[in-house]
């Protein structure tokens, strides 16, 4: 922005908002203006929610999730299944699975996937902690819920090797047709996987 | 969201972020996660910037702009031309014009445009204040910088009628080919206007 228009306070707000994923300089200006117009309904509550989040949110030292306590609510919930660990690359993946309600076990957030291009090596991920958790006697199965990308699958293979000496079953997510998906729009790899892994009707 | 995943604090942050223009529920989650991950670099500063904005930003009682003082910096800047008032529908339009650097005068924010469909009537806009400002002896010209939409142009005509008894020149923005625009992609109305309002080379 070449000229400061509405004072340094709004400029600073715009600059910070523009750092959010999904907001560019133009939409950050629009968001800032919206906030300023809705001062009592939105700007105030959001400022408070952010202050609270900053104050209280911590990373769970056990699974890598974020919560207001450590260990997090998912790690301490007595109704969840201790025999199952679901390994995800990122907290966003954990949230997606948790929204689906499909996971009854615990989670483990790797903090990324191995990537030669991005220079992500095994020591950058929480692999030691995962091996330690998978070694606990209660654990029977580790589900590798990683993206079906080259890096995700490389990481899955790497973890499988790491856990091979442990008495746990290592599984991965099924490939196949997305629910509601149309065959005509699917790529060949997905169709091949869906045919190969077909199930009884 | 069917289940609360990472505690009520993050859920509240996500819900509030989703109210920003340009962010839906999914991108609000992504933004919240980004904020939580960048607690010191982004979440803290943004919480503070919002608290400051909430505390200090006011609407200028003269022109309708937002600033930390009333009258705002644009209204009190002694270098600006008191003989010219640029009328805009919204603060966003004021910011766009101010970024362009094309305006040397003062602004007047209407707070919208007349719209039969949306039920916006003259009394909802700051028209009385505009007439009062345009009646000041220093004012020589009022530029109607309104959108080239039906509602914008209706509003422009309405204002022209309001100001007709005053000794001020009322002008509007030129229509024509956008700078960098290609003729082939322009609509007929713009091309007709660009031909009609052609200028000397």
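Structure notes:
- For the stretch A:36-57, a residue qualifies if it is more than 7 Å from chain B (Cβ to nearest Cβ) and part of a helix (DSSP H, G or I), and the qualifying residues are A:37, A:40, A:41, A:48, A:55.
- Only listed residue being at positive phi and at pLDDT 90 or above, chosen from B:44, B:64, B:22, B:7: B:64
- Filtered residue count, the stretch B:58-82, keeping only those that are surrounded by fewer than 21 Cβ atoms within 10 Å (Cβ to Cβ), free of Cβ contacts under 8 Å to residues at least 12 places away in the same chain and facing another protein chain (nearest Cβ under 7 Å): 1
- Tally of residues being surrounded by 17 or more Cβ atoms within 10 Å (Cβ to Cβ), facing chain A (nearest Cβ under 8 Å) and under 28 Å from the mean Cα position of the chain (by Cα) across the stretch B:8-21: 4
- Residue A:175 fulfils the conditions (1) at pLDDT below 95; (2) surrounded by 15 or more Cβ atoms within 10 Å (Cβ to Cβ) except for a single criterion, (2).
- So residue B:94, is it surrounded by 15 or more Cβ atoms within 10 Å (Cβ to Cβ) and modelled with pLDDT of 95 or more: no
- Summed over the stretch B:111-125, residues that are in a loop (DSSP other than H, G, I, E, B) and either touching a strand residue (DSSP E or B) at 6+ places or on another chain (Cβ under 7 Å) or closer than 24 Å to residue B:72 by Cβ (or both) total 5.
- Residue A:85, sole failed condition from (1) farther than 25 Å from residue A:124 by Cβ; (2) more than 10 Å from chain B (Cβ to nearest Cβ): (1)
- Across the stretch B:148-177, the qualifying residues are those that are in a loop (DSSP other than H, G, I, E, B) and touching a helix residue (DSSP H, G or I) at 6+ places or on another chain (Cβ under 8 Å), and the one among them that is farthest from residue B:94 (Cα to Cα) is B:166.
- Filter result for residue B:138 (in contact with a strand residue (DSSP E or B) (Cβ under 6 Å, 6 or more places away or on another chain) and surrounded by fewer than 12 Cβ atoms within 10 Å (Cβ to Cβ)): yes
- Of the residues making up the stretch B:12-35, those that are in a helix (DSSP H, G or I) and touching a helix residue (DSSP H, G or I) at 6+ places or on another chain (Cβ under 6 Å) are B:12, B:13, B:14, B:16, B:17, B:28, B:29, B:31, B:32, B:33, B:35.
- Verdict on residue A:108 being outside any loop (DSSP other than H, G, I, E, B), at negative phi, away from chain B (no Cβ under 14 Å) and buried (at least 17 other Cβ atoms within 10 Å of the Cβ): yes
The values are calculated or read from the model by the stated rules, or taken from the named source; none is laboratory data. Remember, predicted model here, so these are calculated numbers, not experimental data. When we count neighbours, we look across all protein chains shown, and the Cβ atoms used for this are built from the backbone with ideal geometry, even at glycine.
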